[in-house]
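Just so it is clear, none of the values below were taken in a lab; they were calculated from the coordinates. What you see is a predicted model, and the numbers here were worked out from it, not measured in a lab. Glycine gets a Cβ as well: all are built from the backbone with ideal geometry, and neighbour counts include every protein chain shown.
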Amino acid sequence: MDKIQNHPVYKVIFKNAWPYWVGGILLGLLNVCLFIVQGKPWGVTTTFVYWGTWIMDAVGIDPSGWDYFQIPNNAANQAKNFLTHSGSVMNIGIIVGALFAALAASQFKIKKIKSWKQVASALGGGLIMGYGARIAFGCNIGAFFSGIASLSLHGWLYAVFIFIGAWIGSKILVKFLM
């Protein structure tokens with residue numbers, strides 16, 4: 001294994017950080033391929049809506065009467081299951097791919113929780129981000145990355161406000177958590 005890990009090609013691909021322009025080109029090419037295969041831009045957060053409704057179905061709550069599922073495409077996606085919904089497969093791929101990348105670069109670490117304040121901040125921030133992603137028609141992938149690539153006005157508006165939000169969030173983080 002040491003021979004593989006010390007090989008220059010392994011170091012370039014797995015160990016060393018890639019230049020931003022390489023990542024940008026690869027993401028762009030993958031987004032085009034995804035658009036060709038699926039006929040729609042890349043998105044992540046809408047899939048979580050379906051995960052929630054599948055869980056609700058499993059415990060006996062029927063969300064199919066909700067307004068959201070009166071839209072034919074949404075109803076068709078809700079009728080699928082975890083393995084037949086392309087967004088679910090892609091989201092699991094993102095998680096597994098990130099784990100693989102962290103393991104390959106020897107960067108995977110399980111850290112001890114420092115404080116309950118940190119846990120509360122993470123949960124609160126996650127809820128706010130999730131809510132924001134739904135009202136913005138996507139997260140940084142669906143609303144920003146795919147929105148701008150599709151030349152949609154909402155993508156550019158998202159870009160402005162995500163930078164403002166990141167600036168405000170960083171000020172709050174430094175003031176209250178550092």
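Please report Rg over Rh for region 90-131, where both radii come from the alpha carbon positions and Rh follows the Kirkwood definition.
Rg/Rh: 1.10.
So what are the chain's ellipsoid semi-axes, whole angstrom, largest first, if each one is the square root of 5 times an eigenvalue of the alpha-carbon gyration tensor?
30, 24, 20
Contour minus end-to-end for Asn16 and Val119, with contour as 0.36 nm per residue of separation and end-to-end as the Cα-Cα distance?
Using 0.36 nm per residue and subtracting the Cα-Cα distance, I get 34.0 nm.
With the contact rule set at Cα under 8 Å and sequence spacing of 6 or more, what percent relative contact order holds for region 7-147?
33 percent
Size of the dipole of the chain about the Cα centre, Lys and Arg at +1 and Asp and Glu at -1 on the beta carbon, nothing else charged, in debye to 20?
Dipole size: approximately 880 debye.
Kindly state, to the nearest 0.05, the FRET efficiency for Val9 paired with Ala159, given R0 = 30 Å and r defined as their beta-carbon distance.
0.25
Work out which helices of the chain, taken as complete DSSP H runs, extend at least 18 Å along their axis over the Cα atoms and score a mean Kyte-Doolittle of 1.0 or more, then list them.
20-38, 86-104, 153-177
Taking loop as defined by DSSP and a crowding limit of 10 other beta carbons within 10 Å, which chymotrypsin sites (Phe, Trp or Tyr not before Pro) in region 90-164 fit?
Taking region 90-164 and a limit of 10 other Cβ atoms within 10 Å, no loop chymotrypsin sites (Phe, Trp or Tyr not before Pro) are found.
If the cut-off is a Cα-Cα distance under 25 Å, which lysines reach Lys80, setting aside same-chain residues fewer than 8 apart in sequence?
Within reach: Lys40.
How far is the Cα center of region 1-49 from the Cα center of region 125-178, in Å?
22 Å
Mind checking which lysines have their C-alpha under 19 Å from Lys109, skipping anything on the same chain fewer than 8 residues away?
Answer for Lys109, where 19 Å is the Cα cut-off: Lys15, listed by chain and number.
Which value in deg cm²/dmol, rounded to the nearest 500, describes the helix-derived mean residue ellipticity at 222 nm for the chain, given -39,500 (n - 2.57) per DSSP H run of n ≥ 4 and division by the residue count?
That comes out to -20500 deg cm²/dmol.
Determine the principal axes of the Cα atoms in region 111-178, then give the extent along each, sorted from largest to smallest and rounded to whole angstroms.
Between the extreme Cα coordinates on each principal axis of region 111-178 lie 43, 20, 19 Å.
Can you give me the relative contact order of region 111-178 as a percent, contacts being Cα pairs under 8 Å and 6 or more apart?
Here the relative contact order equals 17 percent.
Ignoring trypsin sites (Lys or Arg not before Pro) that are buried or in helix or strand per DSSP, and keeping those with at most 15 other beta carbon atoms within 10 Å, what is the longest stretch of the chain between them?
The answer is 1-79.
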